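Undergrad: Got a structure for you, questions after.
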Amino acid sequence: MRIIRSPRLTLRPWESGDASFLLDLESRWETVRYLTPDPTTMATLDEAAASILRRRAIDHPVHGIWAITLTETGRLLGNLLLKPVSVSSGGSRPAPVEIGWHLHPDTYGHGYATEAADAVLSDAAARGLEFVIAVTDPRNLASQRVCLRLGFAENGATRDYYDTDYLLFEKSLV
Ligand SMILES: CC(C)(COP(=O)(O)OP(=O)(O)OC[C@H]1O[C@@H](n2cnc3c(N)ncnc32)[C@H](O)[C@@H]1OP(=O)(O)O)[C@@H](O)C(=O)NCCC(=O)NCCS
């Protein structure tokens, strides 16, 4: 998976040595609470290690799941993903590509999610991706603000993805 840079950030593949950070991030209710319909926290280092292996196995010219790091120090900040969305059961339409973000709570409030997502979207557009969506729980106001800052249009409620009621955000990259 390629490395993507922005003014402050380096997005790089997850590495096996990142397991304790990933566990710290994903074991927090604050991180997963809006990932409905069934939010579950990560519980063990083995789960984190297995998740990192799955992330590293993605071999695609555009999609990926990156570790967000601060370039100056190498500090891990969170996760940025770009992949086909999970379509609700019974859905027949092809899955659009979704973008998503998880930041460690210690790093909120610095605009890192917006900066990381903007860099990934620029990279994906240059590689031919034409359209991207994001879905958020209606209560997830911080994530909705990130979507709007990135220039996504809010297109109302949907149950087309993850078998749950989400707000749909859409953005054309052409
Ligand atoms: C979503 C997330 C990445 C945002 O992190 P962040 O960019 O550091 O958030 P910020 O603190 O900079 O806030 C972003 C915006 O939301 C606003 N905001 C933050 N918390 C808010 C709240 N509880 N209510 C209303 N607005 C809020 C901020 O004021 C800011 O608005 P602005 O763009 O007008 O300045 C972070 O909250 C997170 O990782 N959450 C857990 C995982 C998650 O829910 N991911 C999204 C799944 S859809």
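Undergrad: Do we find that Glu98 is of a type in the set (Asp, Glu) and open to solvent by less than 40 Å² (accessible area, probe 1.4 Å) in this structure?
TA: yes
Undergrad: Further question: Touching a helix residue (DSSP H, G or I) at 6+ places or on another chain (Cβ under 8 Å) and among the charged types (D, E, K, R) - does that describe any residue in region 116-124?
TA: No: region 116-124 contains no residue that is touching a helix residue (DSSP H, G or I) at 6+ places or on another chain (Cβ under 8 Å) and among the charged types (D, E, K, R).
Undergrad: Output yes when any residue across region 24-36 is within 16 Å of the ligand (Cβ to nearest atom), of a type in the set (Phe, Trp, Tyr) and touching a Phe, Trp or Tyr at 6+ places or on another chain (Cβ under 8 Å), and no when none is.
TA: no
Undergrad: With in a helix (DSSP H, G or I), within 11 Å of the ligand (Cβ to nearest atom) and modelled with pLDDT of 95 or more as the only criterion, which of Ala124, Ala134, Ala116 stands out?
TA: On inspection, the qualifying residue turns out to be Ala116.
Undergrad: For region 137-163, name all the residues that are of a type in the set (Asp, Glu) and within 11 Å of the ligand (Cβ to nearest atom).
TA: Asp137
Undergrad: Sticking with this one: Let me confirm something: among Thr107, Thr44, Thr73, Thr69, which residue is open to solvent by 80 Å² or more (accessible area, probe 1.4 Å), hydroxyl-bearing (Ser, Thr, Tyr) and at pLDDT 95 or above?
TA: Answer to the selection: Thr73.
Undergrad: Now for a separate question. Six or more apart or on different chains, Cβ atoms under 8 Å: show the pairs whose first residue is in region 103-132 and basic (Lys, Arg) and whose second is more than 7 Å from the ligand (Cβ to nearest atom).
TA: If the second residue must be more than 7 Å from the ligand (Cβ to nearest atom), the pairs left are Arg127/Pro61; Arg127/Val62.
The values are calculated or read from the model by the stated rules, or taken from the named source; none is laboratory data. This one's a predicted model, so the numbers in the text were calculated from it and none came from an experiment. In this analysis, Cβ positions are derived from the backbone assuming ideal geometry, glycine residues included, and neighbour counts consider all displayed protein chains. Only protein heavy atoms, including side chains, enter the accessible area calculation; ligands, DNA and RNA are left aside. Shrake-Rupley method; radii C 1.70, N 1.55, O 1.52, S 1.80 Å.
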